[in-house]
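Input: a single structure, listed below in structure tokens.
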Amino acid sequence: MTPHAPLIIDIAGTTLTKTDKQRLRHPLVGGVILFGRNWSDRQQLTKLCRKIKKVRPDALICVDHEGGRVQRFKTDGFTHLPPMRALGELWLTGEGADTGAAALRACNAATATGYVLGAELRACGVDFSFAPVLDLDHGGSGVIGDRAFARDARMVTLLAQALLHGLRQAGMANCGKHFPGHGYAVADSHVDVPVDERPLATLLADDAAPYGWLSASLSSVMPAHVIYPQVDNRPAGFSARWLQDILRRELGFQGAVFSDDLSMAGARQIEGRTVSPTEAAVAALQAGCDMVLLCNQSLVDDGAPLEAWLDGMTEALLKHQWRPSTASEQRRLALLPTMPAQPWDDLMCEPRYIHALGLLP
């Protein structure tokens with residue numbers, strides 16, 4: 001076992017195969033990210049999470065479960081959570097918008113949303129969700145769109161702070177994304193390499209502002225696969241300038257840093273050169289990421305790209321192309337829940353949960 005297990009992998013189906021178990025036992029693997037294909041019902045999900053923990057007790061079981069169109073589990077009792085824009089609209093147009101009462105109700109609703117989100121996932125054995133989105137809604141990004149709370153960085157910060165409180169009530173850590181901001185660039189980093197030409201001063205005063213204001217509250221941050229050429233020629237997730245100089249030193253962030261999915265188009269080009277998932281992961285770790293994700297590769301050629309990644313990262317470690325970090329491993333372990341999860345049937349009867357459901361927009 002290395003002092004640092006930075007790799008987050010995926011699995012192909014609703015049960016663990018022998019191959020999945022072998023990959024989970026790899027000393028560099030520190031977590032699993034689940035998708036809709038890993039779900040059939042609550043009983044199956046709970047059993048799958050239990051099996052993962054049996055193989056690897058310290059594995060961080062993750063999911064993208066934000067609400068709205070990015071919610072992996074939506075049936076068998078899971079609440080259909082609102083998109084974050086609904087909370088921003090409640091602030092701006094709800095009753096008492098002119099007196100501030102609507103803003104306070106929106107923050108209360110955000111806390112309720114965070115609690116329901118975290119409590120339902122944890123009741124099924126999921127440790128962690130990559131939420132909330134802190135991107136500002138500039139109106140031009142289809143991939144962000146209603147995933148953003150609002151255009152105003154102050155509104156985003158306060159609504160996110162309230163949602164973080166709800167997650168904490170459920171015993172779940174959080175992840176602000178996509179640093180320093182994906183809301184202005186129009187291109188979708190899943191299929192393209194977005195570029196944001198604005199200067200650093202503008203970015204820090206606007207899109208990146210929530211990260212500074214929430215630096216004591218965020219458990220983790222995920223940088224954007226966006227290039228900000230006036231700051232660095234590399235996408236933010238591969239940039240020591242962004243991750244170490246600005247996020248950690250200037251903004252004071254102390255938590256964990258995840259790469260975004262390294263299979264995305266925005267992660268496959270660094271300074272004009274096409275890179276492999278291994279090269280991308282090494283670059284992200286060298287820049288300051290604590291953990292790196294490679295998603296949906298278990299579906300390709302029986303997982304051959306995932307096997308190649310595990311082998312490549314092991315070789316890169318042996319060649320000293322990246323250094324294990326005890327601090328990074330401590331940040332990973334700090335994301336694991338420390339309080340027991342409430343069983344689903346008990347949760348359904350809990351007064352706090354029932355009250356929270358009534359507050360959702």
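Could you grab me the full set of residues in region 17-47 that are within 28 Å of GLU66 (Cβ to Cβ), assigned to a loop (DSSP other than H, G, I, E, B) and out of contact with any Cys (no Cβ under 9 Å at 6 or more places or on another chain)?
LEU28, TRP39, SER40, ASP41
Would you check which residues across region 87-104 are at pLDDT 95 or above and farther than 21 Å from ASP137 by Cα and list them?
Filtering region 87-104 for residues at pLDDT 95 or above gives 87-92, 101-104.
ALA101, the sole residue that qualifies.
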Candidates ASP188, ASP207, ASP192, filtered to the one that is crowded, with 24+ Cβ neighbours inside 10 Å and either over 21 Å from PHE130 (Cβ atoms) or not β-branched (Val, Ile, Thr) (or both) | ASP207
For region 299-344, which residues satisfy the criterion of being farther than 19 Å from ASP261 by Cβ, aliphatic (A, V, I, L, M) and touching a residue at least 40 places away in the same chain (Cβ under 8 Å)?
-> LEU317, LEU333, ALA334, LEU336, MET339, ALA341
Determine whether PRO223 is touching a helix residue (DSSP H, G or I) at 6+ places or on another chain (Cβ under 6 Å) and touching a residue at least 60 places away in the same chain (Cβ under 8 Å).
-> yes
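Report the residue count in region 86-119 for those that are more than 22 Å from VAL70 (Cα to Cα) and of a type outside the set (A, V, I, L, M, F, W, C). Step through it out loud before you land on a result.
Of region 86-119, the ones more than 22 Å from VAL70 (Cα to Cα) are 92-105.
Now narrow it down to the ones that are of a type outside the set (A, V, I, L, M, F, W, C): 93-96, 98-100, 105.
Residues in region 86-119 being more than 22 Å from VAL70 (Cα to Cα) and of a type outside the set (A, V, I, L, M, F, W, C): 8 in total.
From the list ARG273, ARG331, ARG352, which residue is at pLDDT below 95 and either out of contact with any Asp or Glu (no Cβ under 8 Å at 6 or more places or on another chain) or buried (at least 17 other Cβ atoms within 10 Å of the Cβ) (or both)? First the steps, then the outcome.
Working: ARG331 fails: at pLDDT below 95; ARG352 fails: at pLDDT below 95.
Result: ARG273 is the single residue among ARG273, ARG331, ARG352 that is at pLDDT below 95 and either out of contact with any Asp or Glu (no Cβ under 8 Å at 6 or more places or on another chain) or buried (at least 17 other Cβ atoms within 10 Å of the Cβ) (or both).
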Which strands (runs of 3 or more DSSP E) sit wholly inside region 217-296 and have at least 1 residues that are over 14 Å from LYS177 (Cα atoms)?
-> 291-293
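Tell me the residue from ASP127, ASP146 that is in contact with a Pro (Cβ under 8 Å, 6 or more places away or on another chain), surrounded by fewer than 23 Cβ atoms within 10 Å (Cβ to Cβ) and at negative phi, please. Can you show your working first?
Details: ASP127 fails: surrounded by fewer than 23 Cβ atoms within 10 Å (Cβ to Cβ).
None of the others qualify; the one that does is ASP146.
The values are calculated or read from the model by the stated rules, or taken from the named source; none is laboratory data. Quick caveat: nothing in here was measured; it's all calculated off a predicted structure. All Cβ positions, glycine included, derive from the backbone under ideal geometry; neighbour counts span all protein chains shown.
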